[in-house]
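The values are calculated or read from the model by the stated rules, or taken from the named source; none is laboratory data. Everything numeric in this text was worked out from a predicted model, so none of it was measured. Cβ placement follows ideal geometry from the backbone for every residue including glycine, while neighbour counts extend to all protein chains displayed. When the accessible area is computed, the model is the full protein with side chains, heavy atoms only, and any ligands, DNA or RNA have been set aside. Shrake-Rupley method; radii C 1.70, N 1.55, O 1.52, S 1.80 Å.
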Amino acid sequence: MKKTLHADAGWIRRRLEKINTFNDTPEFGTTRVMLTETELSCREYVKREMRDLGLEVTEDTVGNIFGAWRGREPSLAPIWTGSHIDTVLNAGMFDGMAGVVAGLEAVRLLKNAGEHPRRTLVVVVYLSEEPTRFGLSCLGSRIMAGDLDERAIRTLKDKDGETLYDLLSRLGFTPEHLAGAVKRPGEVHAALELHIEQSANLERRGKRLGLVQAICAPTNLTVTVTGRQSHAGGTSMADRRDAYMAAAEMSLTLEQLAREADKQSYTTGTVGVVSNIPGAVNVIPGKTVFSIDIRGADFAVKDAMLSKLRASFLKIAEKRDVSVELVLENHDVPARCDGRLLEVLRLACGSTPYLETISGAYHDSLFVARFAPVAMLFVPSRNGISHSPEEWTDFEDIALGAQVLAAAMLQIGDDA
Ligand SMILES: [Zn+2]
């Protein structure tokens, strides 16, 4: 007979509040950028907490942290749970950290209940999920997935011009052995990640837990429209080849196509950066460069949307006598959460109502899914807000999530 697991919201709160003291902007939210002095101190704190729970702490060659509770049969592939502890600028205290602390609490609960699964349970802190320092997200999990090689990390530079490779070397990691951090399918039996929802779906439906079916993946493009630069007063409306107006029509076409695609499968389209050249009030832009970010839960839907987008942009360019160039920066494949893990999580939820949902934002689990079965568990974000000092999740909800994590890890931890 298994004992009932009761997570301690106070235990979770104290650790999240302590983590939140490692903060470069205490006057406004929380800023803890990867591998700054502040983040390094926070990593040391988390490693101490892991050791206090009796976990064996190791780091791989690029700085992902692992706290392992050795199973009864340590030769079996381990179960992972975890998230990240770096933040964007002026963020909140939950995005990422909730998953790390919930993982620690889940292991603590199982230990206190006298359980000891066959498989080793590992709390993972992935290196830099946020793209704050190098402009690329999920550095640790991308490296694990073999998505970033040595050449790539020698190219990525922070604002001071230091490469990721040099930064890691300077801090005593060994990026020359990057291959040692890459995981192969089968090496990890299952990976679970608790994360704050970062949307308001749970709150709207009055649910405290969300089971993620799929994690949307991004497609990013840089679009350059070239028209003819000329005088805003002297050039009649009939004579213009306005790069920006063409870009504006293209942006509205993106919105329209995303709305259509969204009817089939969750899809979003965003233009986040626009720059006009030369950028003066009385000059018709000769060139406009803008970004496109498409997210979707279904790769085929996203791919079809991309084809339509290219065709529409060419038509718009022709009609307006401008030229357009689309550079595809990345076209990532969304991840499906593992069916069996979802079933285990559903059972672990017991009588607690949950919402089956998808993740519009992406997480380390998107990359971990390339080498292991993954599942994600969401806890509510108040008003759907995150990446903001207003980000809030109730500690009781994280505790409930930690309980579900513990029950699920206990179940799959005894898998043959
Ligand atoms: Zn996160």
Practice item. Go through the residues of region 236-258 one by one and say whether even a single one is under 24 Å from the mean Cα position of the chain (by Cα) and within 16 Å of the ligand (Cβ to nearest atom). Key: no
Review point. Given SER137, SER141, which one is open to solvent by less than 20 Å² (accessible area, probe 1.4 Å), part of a loop (DSSP other than H, G, I, E, B) and either among the small types (Gly, Ala, Ser) or within 16 Å of the ligand (Cβ to nearest atom) (or both)?
Key: SER137
Review point. Identify, please: which residue in region 373-390 is surrounded by fewer than 24 Cβ atoms within 10 Å (Cβ to Cβ) and under 30 Å from LYS183 (Cβ atoms) and is, among those, farthest from the ligand (Cβ to nearest atom)?
Key: PRO373
**Study point:** First in region 350-365 and within 16 Å of the ligand (Cβ to nearest atom), second anywhere and in a loop (DSSP other than H, G, I, E, B) and acidic (Asp, Glu), Cβ under 6 Å, 6 or more apart
**Key:** ASP364/GLU129
Practice item. Could you give me the residue pairs with C-beta distances under 8 Å whose first residue belongs to region 1-22 and is of a type in the set (Phe, Trp, Tyr), whose second residue is modelled with pLDDT of 95 or more wherever it lies, and which are 6+ apart or on separate chains? Key: TRP11/GLU105; TRP11/ARG108; PHE22/ARG32; PHE22/THR38; PHE22/GLU39; PHE22/SER41; PHE22/CYS42; PHE22/TYR45
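Residue under question is VAL368, and the condition is that it be within 16 Å of the ligand (Cβ to nearest atom), closer than 30 Å to LEU221 by Cβ and of a type outside the set (Phe, Trp, Tyr); does it hold?
Judged against the criteria, VAL368 is a match.
Taking the options ASP86, ASP147, name whichever one is within 16 Å of the ligand (Cβ to nearest atom) and of a type in the set (D, E, K, R). Lay out the reasoning, then the answer.
Working: ASP147 fails: within 16 Å of the ligand (Cβ to nearest atom).
Criteria check complete, one pass: ASP86.
Please count how many residues of region 91-132 are within 15 Å of the ligand (Cβ to nearest atom) and either assigned to a loop (DSSP other than H, G, I, E, B) or touching a helix residue (DSSP H, G or I) at 6+ places or on another chain (Cβ under 8 Å) (or both). Steps first, answer last, please.
The initial filter retains those residues of region 91-132 that are within 15 Å of the ligand (Cβ to nearest atom), namely 91-103, 124-132.
Remaining after also requiring either assigned to a loop (DSSP other than H, G, I, E, B) or touching a helix residue (DSSP H, G or I) at 6+ places or on another chain (Cβ under 8 Å) (or both): 92-98, 100-103, 124-132.
Adding up the residues that qualify gives 20.
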